[in-house]
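A short write-up of the structure that comes next.
Only the coordinates and a few stated rules stand behind these numbers; no lab work does. The shown structure was predicted, so the numbers you read here are calculated from the model rather than taken from an experiment. When we count neighbours, we look across all protein chains shown, and the Cβ atoms used for this are built from the backbone with ideal geometry, even at glycine.
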Amino acid sequence: MERNWMSFELHKRKILSLILGLAFAASLFSVEWNSELIHNGGLTTAKQIGLAFFTPDLSGEILILALESSWTTLSYAAAGMSLALIIAFFFGVAASGVMVSGEKNKRLIKPFFRSQLGFMRAIHELVWAWLFVASIGLSPFAAIFALAIPYGGILGRIFADMLEDVPQEPIRALEAAGASKLQALWYGYLPMVRASITSYAMYRFECAVRSSAIMSFVGIGGLGYQIQLSLDDLHYDEVWTFVFFLIILVILIDAWSNQLRKRLIQ
Amino acid sequence: MAEIINVNRISKNYERKIALSSLSFTVEKGELVALIGPSGAGKTTLLNMLGAIFPPDQGEIVISGKQIAEMTDQKKRAKKIGMIRQQFDLVGELPVIHNVLAGRLSDWGVMKSLVSLLIPQDKDYATAALDRVGLKDKLYERTSKLSGGEQQRVALARLLVQSPEIVLADEPVASLDPARAEDVLELLVNIASEEKQTLIASLHSVEYARKYFDRLIALKNGELFFDLPSSSVSDDHIKRLYSLKEHS
């Protein structure tokens with residue numbers, strides 16, 4: 001009986017694979033395999049964009065513009081992340097349940113804060129950006145809040161998970177030595193998660209720079225906005241200049257994050 | 001000498017297994033007691049109940065005339081009872097000094113303990129305690145970088161700073177090599193007798209128990225097997241305690 005059931009499970013997977021394979025094959029028939037699949041000028045444009053990679057526009061004017069917009073993008077990301085860290089700290093600590101005693105209280109508090117964190121990150125930063133641009137207009141605050149809320153939700157959730165996974169022996173020892181919940185947080189929980197939360201926050205900062213760059217989709221300035229303008233003007237060489245600046249930003253943050261990690265882990 | 005601990009017919013069950021059944025004994029102030037017995041005899045369970053980590057199912061524990069169940073203020077309890085276990089008790093990411101000063105947390109408010117992480121407060125306590133355990137030069141070292149024996153000394157230094165009347169030690173030297181184990185044990189016993197503390201330690205090694213402690217309490221299958229001054233414990237007692245046959 002047991003064996004039969006096992007082999008049925010195995011077959012079920014194969015049957016599913018077969019159905020998916022067939023569905024894919026069938027979908028190929030509905031594609032119109034003619035010249036309209038890729039629009040006529042597409043290949044030429046792709047070639048132009050590809051070639052422009054080797055000849056980015058390095059004129060002084062563009063470089064200064066790239067530098068300025070990099071600064072805008074970076075400052076939105078930095079401000080957004082700072083706010084996100086504050087949100088993540090308070091909500092994360094609350095959602096981990098380490099500050100309340102008693103199983104019953106934990107069961108009440110944890111889902112309450114966890115669901116709020118879930119709400120913040122369920123909505124993408126671009127959607128938040130829409131909402132903020134609609135309500136407070138095209139101001140830097142729209143970008144900053146739009147980044148801070150979903151990133152606060154993501155960081156807070158990870159922070160809460162990390163706090164919950166901390167080894168319990170040192171915490172119990174601190175409590176036996178007379179530490180209150182808040183003291184146990186300073187002397188036990190936070191030092192133990194410091195290295196991992198820092199490196200995760202740095203990684204998220206990197207992501208925030210990328211997100212900040214595409215805030216242009218809703219009209220907020222920065223590197224993405226310049227990329228969009230240059231694309232519209234068909235200045236692919238300028239596009240690459242801005243893209244390179246974006247890459248440099250990410251690499252610089254990565255290097256900084258490695259430095260920090262090394263210092264914290266040793 | 002005055003009675004400091006009175007254990008009266010305590011029992012504890014885990015699921016269906018009996019961890020301790022109807023155990024009674026008293027300990028006088030300043031006594032050095034070793035708990036011995038085979039694994040699973042209930043030594044750790046007993047120490048955890050003495051440390052108010054969890055309550056007994058039946059019976060009562062009275063400390064200095066007060067029911068342990070009524071000592072709910074953690075800060076006051078820390079002045080009375082201190083615990084040390086096998087390693088893992090320290091926060092490895094913190095410098096040694098903060099792990100030692102954690103013994104002051106029962107006296108400090110939230111603000112002072114927070115400030116201390118930046119500018120160590122009551123530093124004299126920490127330096128004196130670390131000097132006593134022979135680690136004066138490791139004040140600012142990251143705790144996780146210390147060896148197992150050194151970490152146990154840091155835990156002792158914390159206990160010195162906390163300065164409780166009763167010290168409960170659960171296998172304090174279990175994960176150390178013999179030379180370091182004896183070192184740490186000797187330090188633990190010396191500190192307890194100099195500070196006039198009452199010490200109850202569970203130990204694997206009968207040899208150490210007889211060498212360093214005044215009194216041995218032996219548990220087997222959750223029951224008191226014998227409770228004797230260490231001088232009157234014979235090899236026959238030990239042999240019967242650790243024999244696999246029950247009620248031999």
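Under 23 Å from the Cα of A:Lys110, which lysines turn up, not counting those fewer than eight places away in the same chain?
Leaving aside lysines fewer than 8 places away in the same chain, those within reach of A:Lys110 are A:Lys181.
Taking the convex hull of the Cα atoms, report for region A:134-266 its projected area averaged over all directions, in nm².
Projected over every direction and averaged, the Cα hull of region A:134-266 covers 10.6 nm².
Kindly express, to the nearest 10 degrees and within the range 0 to 90, the angle between helix B:178-194's C-alpha long axis and the longest C-alpha principal axis of chain B.
Between helix and principal axis, roughly 80 degrees.
Under 4 °C and 1.567 mPa s, how fast does region B:3-242 diffuse according to Stokes-Einstein, given a Kirkwood radius computed over C-alpha pairs? Answer in µm²/s, whole number.
D = 70 µm²/s.
At a Förster radius of 30 Å, what calculated FRET efficiency corresponds to the Cβ-Cβ distance of B:Lys136 and A:Lys262, to the nearest 0.05?
It comes out at approximately 0.55.
Would you work out the relative contact order for chain A, in percent, from Cα pairs under 8 angstrom that are 6 or more residues apart?
With pairs under 8 Å counted, the relative contact order is 26 percent.
Which distance in Å, rounded to a whole number, links the C-alpha centroids of region A:173-241 and region B:12-81?
About 49 Å separates the Cα centre of region A:173-241 from the one of region B:12-81.
Report the calculated FRET efficiency for B:His204 and A:Phe119 (r = Cβ-Cβ distance, R0 = 51 Å), to the nearest 0.05.
E(calc), rounded to 0.05, equals 0.45.
At a Cα cut-off below 19 Å, give the lysines reachable from B:Lys17, other chains included and same-chain residues fewer than 8 away excluded.
Qualifying lysines at Cα under 19 Å: B:Lys43, B:Lys220, B:Lys245.
Residue separation times 0.36 nm, minus the C-alpha to C-alpha distance between B:Arg9 and B:Thr127: what's the value?
Answer, rounded to one decimal: 38.2 nm.
Peptide B:95-103: average number of partner chain Cβ atoms within 10 Å per residue?
If you average over the peptide's residues, the count of other-chain Cβ atoms is 3.
Which of B:Thr26, B:Thr127, B:Thr198 moves most in a GNM of chain B, Cα contacts under 10 Å?
Fluctuation is largest for B:Thr26.
Using only helices, what value at 222 nm comes out for chain A when you add -39,500 (n - 2.57) per DSSP H run of length 4 or more and divide by the total residues, to the nearest 500 deg cm²/dmol?
So the helix-based figure for chain A works out to -27000 deg cm²/dmol.
Just to be sure I follow: if Rg is taken over the C-alpha atoms of region A:55-138 and Rh is the Kirkwood radius over the same atoms, what is Rg/Rh?
A ratio of 1.23.
Taking a ≥ b ≥ c as the square roots of the Cα gyration tensor eigenvalues, with a/c under 1.5 meaning rounded and otherwise prolate when a/b beats b/c, else oblate, which class fits region A:114-200?
Prolate.
Considering every pair of different Cα atoms, what Kirkwood radius, in Å, is found for chain A?
22.5 Å
Using Cα springs under 10 Å in a Gaussian network model of chain A, which residue among A:Pro167, A:Pro150, A:Pro111 shows the largest mean-square fluctuation?
Per the Cα network of chain A with a 10 Å cutoff, A:Pro167 tops the list.
Could you tell me how many degrees, from 0 to 90 and to the nearest 10, lie between the Cα long axis of helix B:148-162 and the main elongation axis, the longest principal axis, of the Cα atoms of chain B?
On a 0 to 90 degree scale, this one is about 80.
Test of understanding: what is the full-extension gain from B:Lys79 to B:Lys17, defined as 0.36 nm times their sequence separation minus their Cα-Cα distance?
19.0 nm
Taking R0 as 45 Å, what's the FRET efficiency between B:Glu223 and A:Val100 from their Cβ-Cβ distance, rounded to 0.05?
Efficiency computed from Cβ-Cβ geometry: 0.75.
In nm, give the distance between the simple-model label positions of A:Leu28 and A:Ile15, each being 7 Å from the Cα along the Cα-to-Cβ direction.
The modelled label-to-label distance comes out at 2.6 nm.
Need one number: the % of Cα-Cα pairs in region B:68-149 sitting beyond the 21 Å mark.
34 percent
Taking the mean number of other Cβ atoms within 10 Å as a proxy for protection, how do you rank B:222-228, A:153-159 from highest to lowest?
Averaged packing, sorted descending, gives the order A:153-159, B:222-228.
Would you mind calculating the relative contact order of region B:3-242 from Cα pairs under 8 angstrom and at least 6 residues apart, reporting the percent as a whole number?
Taking the mean separation of contacting Cα pairs over the length of region B:3-242, I get 29 percent.
What helices does chain A hold that run 20 Å or longer along their axis, going by alpha-carbon atoms, with a Kyte-Doolittle average of -1.0 or more, using DSSP H for the helix calls?
TM-like helix candidates: A:2-29, A:60-96, A:103-122, A:140-164, A:190-213, A:236-265.
Measure off 7 Å from each Cα along the Cα-to-Cβ vector at B:Leu118 and B:Ser144, then give the distance between these two points in nanometres to one decimal.
Distance between the two pseudo-spin positions: 2.5 nm.
Around B:Ser24, what is the net charge, scoring Lys/Arg as +1 and Asp/Glu as -1 over all other residues with Cβ under 12 Å from its Cβ?
Net charge in that neighbourhood comes out at -2.
If you take all C-alpha pairs in the protein assembly as shown, what percent of them are over 29 Å apart?
Tail of the P(r) past 29 Å holds 66 percent of the pairs.
Do you know the Lys pair count in region B:92-199 for C-alpha distances under 20 Å, with sequence separation 8 or more or different chains?
Total qualifying Lys-Lys pairs in region B:92-199 comes to 4.
Enter the per residue convex hull volume of region B:1-122, computed from alpha-carbon coordinates, in Å³ rounded to the nearest integer.
Here the figure is 148 Å³ per residue.
How about A:Lys47: which aspartates and glutamates have a C-alpha closer than 19 Å to its C-alpha, ignoring those fewer than 8 places off in the same chain?
A:Glu36, A:Asp57, A:Asp232, A:Asp233, A:Asp237, A:Glu238
Antiparallel DSSP bridges in the protein assembly as shown: what percent, to the nearest 5?
Taking every DSSP beta bridge with both residues in the protein assembly as shown, the antiparallel ones total about 55 percent.
What distance in nm separates the two pseudo spin-label positions at B:Ile53 and A:Gln48, each 7 Å out from Cα along the beta-carbon direction?
Going from the B:Ile53 label point to the A:Gln48 one covers 7.3 nm.
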